[in-house]
Amino acid sequence: MQDIKGKRLLILGSSVWKDLIRSFADEYGVYLIFAGLYPAPLDDIADEYYRVDTTNRDVMIPFVKAHNIDGVYMGGSEFIISHACEWINELGMPCYCEKSQWEMLQDKSLFKDLCIKYGLPVVPKYTIDPNNIKGSVPEDRFPVITKPTDGSGSNGFSVCNNPDELEFGYKRACESSPTGSVICEKFVNNKGIVVFFVFSKGQMHFAMTENKYPVYYEKQGTYVAGMHLFPSQEEQEFYNLYGTKLQSLFNGIGIKEGTIWIEVFHENNEYYFNEVGFRYSGSFSFYTLDYLKGINQFFSDLYYSISGDSQLYGFSSLIPSNVKKGLRYCIYSIHCKPGKVVKEEGLLSIKEKYQDNLVVVKYQKSIGDIIVDTGSFGQVFCLFHFVYDSLKECKNILGYIQKTYKLIDEEGNNLIAIKLNIEDI
């Protein structure tokens with residue numbers, strides 16, 4: 001690997017993994033510069049920070065040149081990536097994606113068209129007439145779902161059982177879409193698998209699979225990820241069926257670097273390709289990849305951003321040394337009711353009891369934050385990552401977390417919404 005000591009790395013986007021960025025910088029002697037329009041937690045870890053619009057190429061191109069930037073790390077914000085990749089490419093700096101690649105995979109309609117082109121099964125979709133929303137889907141085709149073509153985190157997602165709900169769901173999705181674009185599809189059982197790929201020097205690596213367990217928010221009619229179990233029991237079958245076709249798809253659009261995950265519904269022995277992410281998943285699954293395959297994707301991406309040298313191995317591990325090796329992996333989301341979180345309880349007890357199983361607890365929110373009733377991933381306070389040897393052990397750990405862990409509001413109430421029934425696993 002190259003010596004990157006003293007290199008100047010511009011960091012953009014999300015702050016939820018700020019400690020990992022600082023850890024990388026300290027280990028490799030990298031100088032961090034953060035840029036963003038507003039004060040953010042990344043201010044705390046940066047050696048310098050500036051208030052600028054990182055989505056504006058006319059601002060950022062001269063900014064990068066003026067501050068002698070050696071590389072740019074875009075983070076995980078879809079909005080920022082969609083703009084930053086273009087000006088990073090224009091500067092000729094290392095960037096894992098091109099604007100055209102990002103758009104083909106980010107837009108749900110475009111991805112669906114790609115799947116059809118390469119022979120991958122997709123959920124049937126319906127064309128909505130904005131002037132006749134209620135009449136756009138035949139009565140015998142309900143239920144259907146509506147969602148933004150360019151959204152994430154279940155924002156703007158609705159299950160529609162009749163024409164009135166279709167009208168509501170369409171308008172809700174339209175309001176949640178940055179471009180006002182909506183997709184309408186047949187509703188299928190949205191239990192399924194998520195498949196992860198890592199790319200390096202133009203080579204596709206079939207990294208890992210998970211079984212995803214959704215939970216339901218009745219008020220909003222939305223499904224949000226509640227738990228992820230790795231590896232999926234359908235892993236080998238899936239790869240045998242679709243591995244070659246996916247390789248052709250990714251070759252066809254020229255993917256050479258980065259990480260990609262694909263959500264695939266599984267119902268009645270049929271697979272339906274749903275959506276793709278050309279970025280990290282919201283569940284911090286790069287910890288899982290490190291545990292299962294020894295690939296620290298996070299450090300690999302930071303290193304590539306500043307060096308242009310693609311390396312998957314040779315980085316320090318994110319996994320604590322005391323965690324038991326060779327087991328299965330679970331990510332469990334803590335969903336919250338609306339309210340202000342003022343205190344956390346029970347975490348120390350969980351850490352003591354399961355010190356050899358618990359990998360990390362990753363926070364989406366902080367003490368003092370107000371949880372809003374959105375029916376989306378925005379109601380997840382944190383995610384417990386742990387390893388387990390058997391399904392029985394997994395259920396025991398989940399049961400203890402559900403019994404012990406609490407998030408207290410100003411009136412002393414527990415805000416945690418137990419969405420997952422352990423017996424359904």
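The values are calculated or read from the model by the stated rules, or taken from the named source; none is laboratory data. The shown structure was predicted, so the numbers you read here are calculated from the model rather than taken from an experiment. Glycine gets a Cβ as well: all are built from the backbone with ideal geometry, and neighbour counts include every protein chain shown. Calculation scope for accessible area: heavy atoms of the full protein, side chains included, ligands and nucleic acids excluded. Shrake-Rupley method; radii C 1.70, N 1.55, O 1.52, S 1.80 Å.
Structure summary
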| read-out | value |
| --- | --- |
| Residue count for segment 162-195, restricted to those that are of a type in the set (Val, Ile, Thr), without any contact (Cβ under 8 Å) to a residue 60 or more places away in the chain and crowded, with 23+ Cβ neighbours inside 10 Å | 1 |
| Hits in segment 84-93 (condition: buried (at least 20 other Cβ atoms within 10 Å of the Cβ) and either over 21 Å from Trp17 (Cα atoms) or free of Cβ contacts under 8 Å to residues at least 24 places away in the same chain (or both)) | Cys85, Trp87, Ile88 |
| Test: Glu352 is more than 20 Å from Tyr213 (Cβ to Cβ), out of contact with any His (no Cβ under 8 Å at 6 or more places or on another chain), acidic (Asp, Glu) and open to solvent by 20 Å² or more (accessible area, probe 1.4 Å) | yes |
| Identity of the residue in segment 91-130, under 24 Å from Gly243 (Cα atoms) and of a type in the set (Phe, Trp, Tyr), that ends up farthest from the chain's Cα centre (by Cα) | Tyr118 |
| Candidate set: segment 207-238, residues that are in contact with a strand residue (DSSP E or B) (Cβ under 8 Å, 6 or more places away or on another chain), open to solvent by 10 Å² or more (accessible area, probe 1.4 Å) and of a type in the set (D, E, K, R); chosen: the one nearest to Pro338 (Cα to Cα) | Lys212 |
| Failed criterion for Gly277 (all others in (1) under 19 Å from the mean Cα position of the chain (by Cα); (2) surrounded by 21 or more Cβ atoms within 10 Å (Cβ to Cβ); (3) at pLDDT below 95 hold) | (2) |
| Yes/no for Ser307 being modelled with pLDDT under 95, open to solvent by 10 Å² or more (accessible area, probe 1.4 Å) and under 19 Å from Leu20 (Cβ atoms) | no |
| Any hit, segment 293-314, residues being in a helix (DSSP H, G or I), more than 21 Å from Val123 (Cβ to Cβ) and acidic (Asp, Glu) | yes |
| So Val59, is it under 16 Å from Phe79 (Cβ atoms), open to solvent by 20 Å² or more (accessible area, probe 1.4 Å) and more than 27 Å from the chain's Cα centre (by Cα) | yes |
| Residues satisfying the stated conditions in segment 244-269, i.e. more than 20 Å from Gln106 (Cα to Cα) and either surrounded by 21 or more Cβ atoms within 10 Å (Cβ to Cβ) or modelled with pLDDT of 95 or more (or both) | Thr244 |
| Cβ pairs under 6 Å, 6+ apart, first in segment 401-425 and open to solvent by 70 Å² or more (accessible area, probe 1.4 Å), second basic (Lys, Arg) | Glu410/Lys340 |
| Single residue of segment 108-125 satisfying the filter (among the charged types (D, E, K, R) and buried (at least 19 other Cβ atoms within 10 Å of the Cβ)) that is farthest from Tyr304 (Cα to Cα) | Lys112 |
| Residue satisfying condition, being open to solvent by less than 10 Å² (accessible area, probe 1.4 Å) and modelled with pLDDT under 90, within set Val159, Val144 | Val144 |
| Spans of strands (runs of 3 or more DSSP E) in segment 335-418 with at least 2 residues in contact with an Asp or Glu (Cβ under 8 Å, 6 or more places away or on another chain) | 406-408 |
| All positions within segment 360-392 that are open to solvent by 10 Å² or more (accessible area, probe 1.4 Å), farther than 28 Å from Glu218 by Cβ and touching a helix residue (DSSP H, G or I) at 6+ places or on another chain (Cβ under 8 Å) | Val360 |
| Exclusive hit being hydrophobic (A, V, I, L, M, F, W, C) and within 22 Å of the chain's Cα centre (by Cα), set Leu318, Leu327 | Leu318 |
| Residue match in segment 393-402 (condition: touching a helix residue (DSSP H, G or I) at 6+ places or on another chain (Cβ under 9 Å) and within 19 Å of Val341 (Cβ to Cβ)) | yes |
| Residues of segment 368-393 satisfying the condition of being farther than 23 Å from Gln355 by Cβ and of a type in the set (Val, Ile, Thr) | Ile370, Ile371, Val372, Thr374, Val380 |
| Of all residues in segment 26-53 being open to solvent by less than 30 Å² (accessible area, probe 1.4 Å) and touching an Asp or Glu at 6+ places or on another chain (Cβ under 8 Å), the one that is nearest to Ala84 (Cα to Cα) | Phe34 |
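Rundown of residues vs (1) closer than 28 Å to Asn155 by Cα; (2) assigned to a loop (DSSP other than H, G, I, E, B); (3) among the aliphatic types (A, V, I, L, M), yes/no style:
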site: Lys256; (1), (2), (3): no, yes, no
site: Trp261; (1), (2), (3): yes, no, no
site: Val264; (1), (2), (3): yes, no, yes
site: Val276; (1), (2), (3): yes, no, yes
site: Ser281; (1), (2), (3): yes, yes, no
site: Phe284; (1), (2), (3): yes, yes, no
site: Thr288; (1), (2), (3): yes, no, no
site: Tyr291; (1), (2), (3): no, no, no
